[in-house]
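Here is the structure we will look at.
Bear in mind these aren't lab numbers, they're just calculated from the coordinates by the rules spelled out. As the structure is a computational prediction, the values presented were derived from the model and not from experiment. Here Cβ is always computed from backbone atoms with ideal geometry, including for glycine, and neighbour counts include all displayed protein chains.
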Amino acid sequence: MSEQVPSELRYTSDHEWIRVEGEVAVVGITDFAQDQLGDVVYVDLPAAGTDLEQGQAFGEVESTKSVSDLLAPVAGVVEERNEALDDQPELINSSPYGEGWLIKINVADPSQIEGLLDADGYQGQLP
């Protein structure tokens, strides 16, 4: 299995990733997740200002195979949603760690990030 698992990111066991940029965290789904989903055809994301709890569903990714909930890796307030995905949901497939990011969150409790999986931990739980 040649899934990409960038070492600088943190991960959830539900296949979301998070990249901390100062007080803001960028959230997306992993290469493994997009591969399992197949061709992404629609993404439902929350508006800026939405308050999220860690583990709360904040949207959905719809593919040709299924619909999957997106779960917040940390608590915080949505600062920005990736508007490009409204017209190009396939960016999640082509660039899961780049242009296919989902939301940016103002992190409420930075210690929650430490509780997430590192790249080795995430890779170790993949089938």
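Among the helices (runs of 4 or more DSSP H) contained in region 21-121, which hold 1 or more residues that are out of contact with any Asp or Glu (no Cβ under 8 Å at 6 or more places or on another chain), closer than 16 Å to Arg10 by Cβ and not hydroxyl-bearing (Ser, Thr, Tyr)?
Correct list: 111-114.
Of all residues in region 31-59, how many are among the acidic types (Asp, Glu), closer than 22 Å to Leu126 by Cβ and surrounded by fewer than 20 Cβ atoms within 10 Å (Cβ to Cβ)?
2
Any residue in region 20-30 that is among the hydroxyl-bearing types (Ser, Thr, Tyr) and crowded, with 21+ Cβ neighbours inside 10 Å?
Yes: one or more hits.
Name the pairs whose Cβ atoms lie under 7 Å apart, with the first residue in region 69-88 and on the phi > 0 side of the Ramachandran plot, the second among the hydrophobic types (A, V, I, L, M, F, W, C) and surrounded by 17 or more Cβ atoms within 10 Å (Cβ to Cβ), and 6 or more positions between them or separate chains?
Gly76/Leu52; Gly76/Ile105; Gly76/Val107
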